[in-house]
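To start, the structure under review is shown below, and the notes come after it.
The values are calculated or read from the model by the stated rules, or taken from the named source; none is laboratory data. These numbers come from a predicted model, not from an experiment. Neighbour counts are summed over all protein chains in view; Cβ atoms, including those assigned to glycine, are modelled from backbone coordinates with ideal geometry.
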Amino acid sequence: MAIDVAFSIEANDYIDPDRAYDLYWSGIITDKKKFICPGTDCTAQVTCANLDEDLQDMKVVPHYRIYGKHSEGCEIFNDKPLNLKCEDGTSIKEEKRTVDESIVDVFLLERPDSYYDEARTDAGNNSQAIKKPGFVRRSKDTRLREAGSIGNIYSVRSVVGRYIRYRNDGSIDQRRVNILGKNIYYRSIFKCIWEQDLDDLPNHPVIYYGWAFVNRLPSGAGYQIKFKKKFKKGDDEYTSTIMIADRLIESYEIKKLVATRLEKIKAQGKPTAFVFVYGEPKENVSKAGNKYANFSITNLDMIDINYDCPLPREYNK
Ligand SMILES: [Zn+2]
């Protein structure tokens, strides 16, 4: 039986696989087996599969698997809604199996300051008897889903992950994500850089993607990501790049993940990666007269760097 939420012994909270993945790669969670079933009085062991993979192949996203034996009264075992509440006592709504059109994921461009700290405070003091608290330390809008997640989305990586999940469960056509107050269908959120005319792009940020060369900057202070395909404007071609300063990587909570991926990519003979970036390209012309349409990022949550295309074949270009 699939579950979307499990109790993390190390983080001392009920979390979805996306958050577990972030907490693992930021060093707060260390063991993919230290999860238990969220059911009442249930201590069935749960493993978060793929937690420790840096996702060579994102077609298999992190997910929970139950190994232990459920308690008699466990809601998961009895196929009943979970009895979870927020700290303030409001119960968490559980989504029905059928996808409700009104349900929209929310992609927030900033993580709350407490995102890592809440989990960090409790890490370490959880060695003996496990006592699950009766509430979820999440915001009021938290929902449980049959085939979704418990929390908001804070990274392009998670948007890609949910796209893959929804595609696998057949609900992709109904699924939407809210960004900056605008509801966007998942199937229209990704835009390939190839052959896009700059004059025809949406006038709001979306997630652009494509194969790119990844190189160290000549200054040695970071990486340059240069998309293989170019934007165009009429007959003109615009090269598209993203700079990632080492300083930006250093200040990122999940730097271990980004650094691991970049190191592996750099070790290739001709370092290339499949890159997603949230933003809007900005045109400029270099002194030498070369035309650019570049992305600038100030937060590594807004970029996802993959060894291969994690999306279906029609996206692989
Ligand atoms: Zn259980």
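If you take the residues of region 9-28 that are among the β-branched types (Val, Ile, Thr) and within 21 Å of residue 76 (Cβ to Cβ), which of them is farthest from the chain's Cα centre (by Cα)?
Within region 9-28, the subset among the β-branched types (Val, Ile, Thr) is 9, 15, 28.
If we keep only those that are within 21 Å of residue 76 (Cβ to Cβ) too, we end up with 9, 15.
Working: 9: 22, 15: 14 Å.
So, considering only residues that are among the β-branched types (Val, Ile, Thr) and within 21 Å of residue 76 (Cβ to Cβ), the one farthest from the chain's Cα centre (by Cα) is 9.
Within region 268-301, take every residue that is outside any helix (DSSP H, G or I) and among the acidic types (Asp, Glu) and give me the one that is farthest from the chain's Cα centre (by Cα).
Initial filter on region 268-301 (outside any helix (DSSP H, G or I)): 268-299.
Okay, now just the ones that are also among the acidic types (Asp, Glu), so 280, 283.
Working: 280: 19, 283: 28 Å.
The qualifying residue farthest from the chain's Cα centre (by Cα) is 283.
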Does residue 265 satisfy being modelled with pLDDT under 95 and part of a strand (DSSP E or B)? no
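Restricted to region 81-110, and to residues that are in a loop (DSSP other than H, G, I, E, B) and either at pLDDT 80 or above or among the hydroxyl-bearing types (Ser, Thr, Tyr) (or both), which residue is surrounded by the fewest Cβ atoms within 10 Å (Cβ to Cβ)?
Quick first cut of region 81-110, residues in a loop (DSSP other than H, G, I, E, B) only: 81-84, 87-90, 92, 95-103, 108-110.
In the following step, the residues that additionally are either at pLDDT 80 or above or among the hydroxyl-bearing types (Ser, Thr, Tyr) (or both) were identified as 90, 98, 102, 108-110.
On the way: 90: 11, 98: 9, 102: 6, 108: 15, 109: 14, 110: 9.
Top of the filtered list is 102.
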Only one of (1) at pLDDT 85 or above; (2) assigned to a loop (DSSP other than H, G, I, E, B); (3) not hydroxyl-bearing (Ser, Thr, Tyr) does not apply to residue 57, and that is (1)
Using the structure shown, decide if residue 37 is within 16 Å of the ligand (Cβ to nearest atom), at pLDDT 85 or above and touching a helix residue (DSSP H, G or I) at 6+ places or on another chain (Cβ under 6 Å). no
At least 3 residues that are of a type in the set (A, V, I, L, M, F, W, C) in each: list the strands (runs of 3 or more DSSP E) lying fully within region 4-50 that qualify. 45-49
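Test of understanding: among 182, 191, which residue is farther than 20 Å from residue 310 by Cα and free of Cβ contacts under 8 Å to residues at least 40 places away in the same chain? Give the steps one after another, and end with the answer.
Values: 191 fails: farther than 20 Å from residue 310 by Cα.
Result of the check over 182, 191: 182.
Report those strands (runs of 3 or more DSSP E) wholly inside region 149-208 carrying at least 2 residues which are surrounded by 14 or more Cβ atoms within 10 Å (Cβ to Cβ) and of a type in the set (Val, Ile, Thr).
On the way: elements: 176-179, 182-185, 190-192.
Per the criteria, 176-179.
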